[in-house]
Amino acid sequence: MSNGSPTRRVPEKPTLDGVEARFVERWNADGIYTFDRTATRDEVFAIDTPPPTVSGSLHMGHVFSYTHTDTIARYQRMRGKDVFYPMGWDDNGLPTERRVQNYFGVTCDPSLPYVAGFTPPFRGSPPKDHRAVPVSRPNFIELCDELTAQDEQVFEDLFRRLGLSVDWSLLYTTISAHARRTSQRAFLDNLARGEAYTQEAPTLWDVDFGTAVAQAELEDRERPGAYHTVAFHGAGGEVVIETSRPELIPACVGLVAHPDDARYAPLFGTTVRSPLFDVEVGVYPHPLAQPDKGTGIAMICTFGDLTDVVWWREFNLPTRAIIGRDGRLLADAPAAIVSDAGRAHYASLVGKSAKQAQTAIVELLRTSGDLKGEPRPITHPVKFYEKGDRPLEIVTSRQWYIRNGGRDQTLRDALLARGEEMHWHPDHMKHRYANWVQGLNGDWLVSRQRYFGVPIPVWYRVGADGQPDYASPLIPEHERLPIDPSTDVPNGFNANQRGVVGGFVGDPDVMDTWATSSLTPQLASNWANDDDLFARVFPMDMRPQGHDIIRTWLFSTMVRSHLAHGGIPWRRATLSGWILDPDRKKMSKSKGNVVTPIDLFDKYGSDAVRYWAASARPGVDTAFSEDQMKVGGKLANKLLNVSKFVMTFGGSESGAVTSPLDRAMLSRLSGVVAEATLAFDDFDYARALERTESFFWWFCDDFVELVKTRAYGTGGVDGVPATTNVSDESLSARHALTRAISILQRLLAPHMPFCTDEVWSWWHNTSVHGTAWPTSADTGSEAPSLAPSLAPSLTAPAAEQLLHTVSTVLAEIRRTKTEAKVSQRAAVSQVVITCDASRASEVTQAQTDLVNAGNVAEFKVVDGATLSVNVTLAPAS
RNA sequence: GGGCGUUUAGCUCAGUUGGUUAGAGCAUCUCCCUUACAAGGAGAGGGUCGGGGGUUCGAGUCCCUCAACGCCCACCA
């Protein structure tokens, strides 16, 4: 290799102690992972790194998946690519907001004015009885900035310790001014193209967080409930329905049954009156009604579930909302309730939570005789916000949406086609994407009624009626971004006009965290700010992420890229698996079994932990295994020792390798290089490692043992090789060992960056991570000129057969000694090998090495059909 | 209900177009301080490849079917 120093500096006692700190420092100082901004797109390998949420802590799942990405980055770099490998911190959104509240003991009140030099009541662990101090939004965001900066430093230190070859100069955060500007700019572009719109509509609502929630953030949870059989009153008698939510009877706007259901056909077009509240509602036919569910006829309420919304919309029904944004029954009864009894019944429910209202209304129904039988307990799936604790309600509110194909088949088909354009690793993950896109039931709801986030960057004129004009929002110029409409003023207005007739009002909402996260390729590449950089890296080559966020992060990023850039955001997505407990459960904090990465780095070394991660097949859920880390530690240690050993012989990488056994070893290694390269090109880092490691142990255990005596040469004693009159055979072994160790160090470098750079540094002045990935040509097995004396050139199958035969003989000698319970060093008086002529020739070619390795006095070859080996030990002296 | 994945040694997993006797590591047992490494080395035992059926000269590998486990989505009166 070029840049190699002829001086070899091999430590007397190799060690991995301190290797991480040393190389973290050196890599940083030398800037070897810095992206070269002059590289053209085809020379670049760009990675859209997932920005971890900094409000939590990094756990083994991060170590696992980020290691996978790093092995790819290091491989591509060694292949000569200019690797664009940024890191981002996701410090935007609810998790950060909650952490800041709990850490400082504050709460955000956007109506308050900014206080300069504000000091929070606490820094860490406020007492339980502390009442949160309200602060303005700008003050709150300052505190968010302070805390996230602390958290981010911890994250960076850990990732550096893990050995990620990130270019830290590309670091971005999702709440920075840059991110807010990018996010707002992208949103305004969506608005300008007609892809973003605002609408007042029923929305899934979390009553505890007080915010709307998108389809992608839902999850079902099994919850106990009960079917209640309730009578409505029609002209022809009672109409009995079943409901799990009787508290919504005052919100009832109709009944619905299947069009083909003969039982209810006579009722279609007629009306019935609701129990207790005596409101007249129509009976409607609709195919979504299921005859076999309950009594086959259901009540439509505003709103019990999403099907209610469909019916409400299709039948153009009135809105009778009773659940407020706090989850409690509204003070005012729906206007449709007119009877005194009905109004009295409603009044008794006001202010109660949905659950309390249900208990109360069941009692009322029982008294009135409209409850038929007793409620029947059931367990049923209920929709929750994935971070929430109470079931979602549906309330009507004004929200912003971005079109995502949920209401538009053409766009949906286009996004499905984009999914096909990409490569998926593993391939079957694309089904999850397609499944999700096909199941969309509405556009992407991007507004959130929260504080810490990127504000929706618009204002509205306040009309003569005092109402905001939502139809034509006031838009800031690009140069003004980022803005906060709660404090900034639109052009042409002054601050005194805020909230007054003829003035303006800012949109109070922030964007969904995914509205910003969906722009990570643009954020990392400085889109709209540095178009030159953007053009050099976009679309990116690789998006690594968890398969649980295909429907959120991956999909929303695809939507943004498709709408804004008319193409896919990356050529391939690599989906990593989960970390499981040893007992196959997903690792969870609550179970108290989360091990901190730092402890493991300390205990086994970063390379060992990386080895565990890199051993897992792409996309496969993997058991947490300290055993695997121990194995990785052994591998690193072995690499140190065998490298040191090989170094002592002073061979040359370009020296002539003439002996058949040496050439056969290099031929096998050539195959390994080809396999590892192929595997990495297919993003299968695990296979690359497995092939390399497998060869490595064979190399140490068999090959080195066989050739080391020859390598020492005649006259070499006490661990010091001969230096004069060294034979060609001896030189061949030295050169072969050297060439192999060079290649092995490089093959292992993407997986174990610390120990490989350590051993590389013993004989090179440059980092192994800036060195070229080995090729088959490096082995010399495809370049006969390196061994002109050997003709004809050894073919790969012939090499394999030679190695196989030699290993078989060696194993038999070893087995004999083990079974005789003597040292491997024990003398053998005779080895008789029965084999055919071709094997006999192989044995002869390696006979010197076999004699040396086995301490054999006499070799005898007997003609025979099948290979068999008979070993006679010398009598103990 | 729809979709996807997994099932190979006690444990964790390889096994790439079907092809010698199904492999590795860990664990277990035995032995060995041999001129790098005892944080080492040499060996041994251990599997009817989830069940059944089929294609083939030949199936862990391809087809059908069943089962268990896991995940995604939908429904949620």
Review point. Would a scan of the range A:399-408 turn up a residue that is surrounded by 14 or more Cβ atoms within 10 Å (Cβ to Cβ) and under 24 Å from the mean Cα position of the chain (by Cα)?
Key: yes
Check your understanding: Across the range A:509-531, what is the total count of residues that are open to solvent by 40 Å² or more (accessible area, probe 1.4 Å) and in a helix (DSSP H, G or I)?
Key -> 2
Study note, to complete from the structure: In the range A:54-69, residues that are surrounded by 20 or more Cβ atoms within 10 Å (Cβ to Cβ) and assigned to a loop (DSSP other than H, G, I, E, B) total 3
Check your understanding: Of all the strands (runs of 3 or more DSSP E) wholly in the range A:258-346, which have at least 2 residues that are within 20 Å of A:Leu365 (Cβ to Cβ) and within 45 Å of the chain's Cα centre (by Cα)?
Key -> A:297-301
Practice item. Among the numbered conditions (1) more than 9 Å from RNA strand B (Cβ to nearest atom); (2) not in a helix (DSSP H, G or I), tell me where A:Leu666 comes up short. Key: (2)
Review point. Considering the range A:405-418 alone, what residues qualify as being within 13 Å of RNA strand B (Cβ to nearest atom) and either in contact with a strand residue (DSSP E or B) (Cβ under 6 Å, 6 or more places away or on another chain) or modelled with pLDDT of 95 or more (or both)?
Key: none
Check your understanding: Looking only at the range A:484-508, which residues are touching a residue at least 40 places away in the same chain (Cβ under 8 Å), farther than 16 Å from A:Ser111 by Cβ and surrounded by fewer than 17 Cβ atoms within 10 Å (Cβ to Cβ)?
Key -> A:Gly502
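Residues are listed down the side, and each one gets a yes or a no for (1) more than 30 Å from A:Gln449 (Cα to Cα); (2) at pLDDT 95 or above:
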position	(1), (2)
A:Ala262	yes, no
A:Val281	yes, yes
A:Lys293	yes, no
A:Asp308	no, no
A:Thr319	no, no
Practice item. Inspect the range A:654-663 for any residue being closer than 20 Å to A:Leu803 by Cβ, in a helix (DSSP H, G or I) and within 9 Å of RNA strand B (Cβ to nearest atom) and give the result as yes or no. Key: no
Check your understanding: Would it be correct to say that A:Ala251 is within 12 Å of RNA strand B (Cβ to nearest atom), out of contact with any helix residue (DSSP H, G or I) (no Cβ under 7 Å at 6 or more places or on another chain), open to solvent by less than 10 Å² (accessible area, probe 1.4 Å) and within 22 Å of A:Val310 (Cβ to Cβ)?
Key -> no
Check your understanding: In this structure, does A:Asp541 turn out to be within 20 Å of the chain's Cα centre (by Cα), closer than 22 Å to A:Asp90 by Cβ and open to solvent by 50 Å² or more (accessible area, probe 1.4 Å)?
Key -> no
Practice item. Report yes if A:Leu218 is in contact with a strand residue (DSSP E or B) (Cβ under 8 Å, 6 or more places away or on another chain) and within 13 Å of RNA strand B (Cβ to nearest atom), otherwise no. Key: yes
Review point. Of all residues in the range A:285-301, which are more than 9 Å from RNA strand B (Cβ to nearest atom) and buried (at least 21 other Cβ atoms within 10 Å of the Cβ)?
Key: A:Ile300, A:Cys301
Practice item. Quick one: which residue in A:Gly770, A:Gly780 is modelled with pLDDT under 95 and not basic (Lys, Arg)? Key: A:Gly780
Exercise for review: Kindly list the number of the only condition in (1) at pLDDT 85 or above; (2) open to solvent by 20 Å² or more (accessible area, probe 1.4 Å) that fails for A:Lys585.
Suggested key: (1)
Check your understanding: Out of curiosity, is A:Arg691 among the basic types (Lys, Arg), more than 9 Å from RNA strand B (Cβ to nearest atom) and in contact with an Asp or Glu (Cβ under 7 Å, 6 or more places away or on another chain)?
Key -> no
Review point. Among the listed residues A:Asp621, A:Asp627, A:Asp662, which satisfies the condition of being in contact with a strand residue (DSSP E or B) (Cβ under 6 Å, 6 or more places away or on another chain) and among the charged types (D, E, K, R)?
Key: A:Asp621
Practice item. Those residues that are surrounded by 15 or more Cβ atoms within 10 Å (Cβ to Cβ) and either touching a Pro at 6+ places or on another chain (Cβ under 9 Å) or free of Cβ contacts under 8 Å to residues at least 40 places away in the same chain (or both), I need them from the range A:423-433; list them, please. Key: A:His425, A:Pro426, A:Lys430
Practice item. May I ask you to list the residues in the range A:321-344 that are closer than 12 Å to A:Ile394 by Cα and open to solvent by less than 70 Å² (accessible area, probe 1.4 Å)? Key: A:Ala321, A:Ile322, A:Ile323, A:Gly324, A:Gly327
Review point. Among A:Ala347, A:Ala360, which is at pLDDT 95 or above and open to solvent by 30 Å² or more (accessible area, probe 1.4 Å)?
Key: A:Ala347
Study note, to complete from the structure: Those residues of the range A:75-119 which are farther than 21 Å from A:Val454 by Cα, open to solvent by less than 40 Å² (accessible area, probe 1.4 Å) and either touching a helix residue (DSSP H, G or I) at 6+ places or on another chain (Cβ under 6 Å) or modelled with pLDDT under 90 (or both) amount to A:Tyr75, A:Asp82, A:Val83, A:Phe84, A:Tyr85, A:Pro86, A:Phe104
Study note, to complete from the structure: How many residues of the range A:714-768 are within 14 Å of RNA strand B (Cβ to nearest atom), more than 27 Å from A:Gly31 (Cβ to Cβ) and part of a loop (DSSP other than H, G, I, E, B)? The answer is 8
Practice item. Go through the range A:636-687 and give me each residue that's more than 24 Å from A:Pro618 (Cβ to Cβ) and among the acidic types (Asp, Glu). Key: A:Glu653, A:Asp662
Exercise for review: Could you please find all residues in the range A:441-467 being more than 37 Å from the chain's Cα centre (by Cα), closer than 15 Å to A:Trp400 by Cβ and surrounded by fewer than 18 Cβ atoms within 10 Å (Cβ to Cβ)?
Suggested key: none
Point to revise | Complete set of residues in the range A:196-219 that are within 30 Å of the chain's Cα centre (by Cα) and either among the aliphatic types (A, V, I, L, M) or surrounded by fewer than 19 Cβ atoms within 10 Å (Cβ to Cβ) (or both) | key: A:Ala196, A:Leu204, A:Val207, A:Asp208, A:Gly210, A:Ala212, A:Val213, A:Ala214, A:Ala216, A:Leu218, A:Glu219
Check your understanding: Is there a residue being within 10 Å of RNA strand B (Cβ to nearest atom), hydroxyl-bearing (Ser, Thr, Tyr) and part of a helix (DSSP H, G or I) anywhere in the range A:694-707?
Key -> yes
Check your understanding: Does the range A:540-561 contain any residue that is within 27 Å of A:Asp42 (Cβ to Cβ), of a type outside the set (D, E, K, R), outside any helix (DSSP H, G or I) and within 16 Å of RNA strand B (Cβ to nearest atom)?
Key -> yes
Review point. Which of the residues spanning the range A:125-159 are outside any helix (DSSP H, G or I) and under 16 Å from A:Arg99 (Cα atoms)?
Key: A:Ser125, A:Pro126, A:Pro127, A:Lys128, A:His130, A:Arg131, A:Ala132, A:Val133, A:Pro134, A:Val135
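The values are calculated or read from the model by the stated rules, or taken from the named source; none is laboratory data. Because the structure is a prediction, the values reported are computed rather than measured. Neighbour counts run over all protein chains shown; Cβ positions are idealised from the backbone, glycine included. Only protein heavy atoms, including side chains, enter the accessible area calculation; ligands, DNA and RNA are left aside. Shrake-Rupley method; radii C 1.70, N 1.55, O 1.52, S 1.80 Å.
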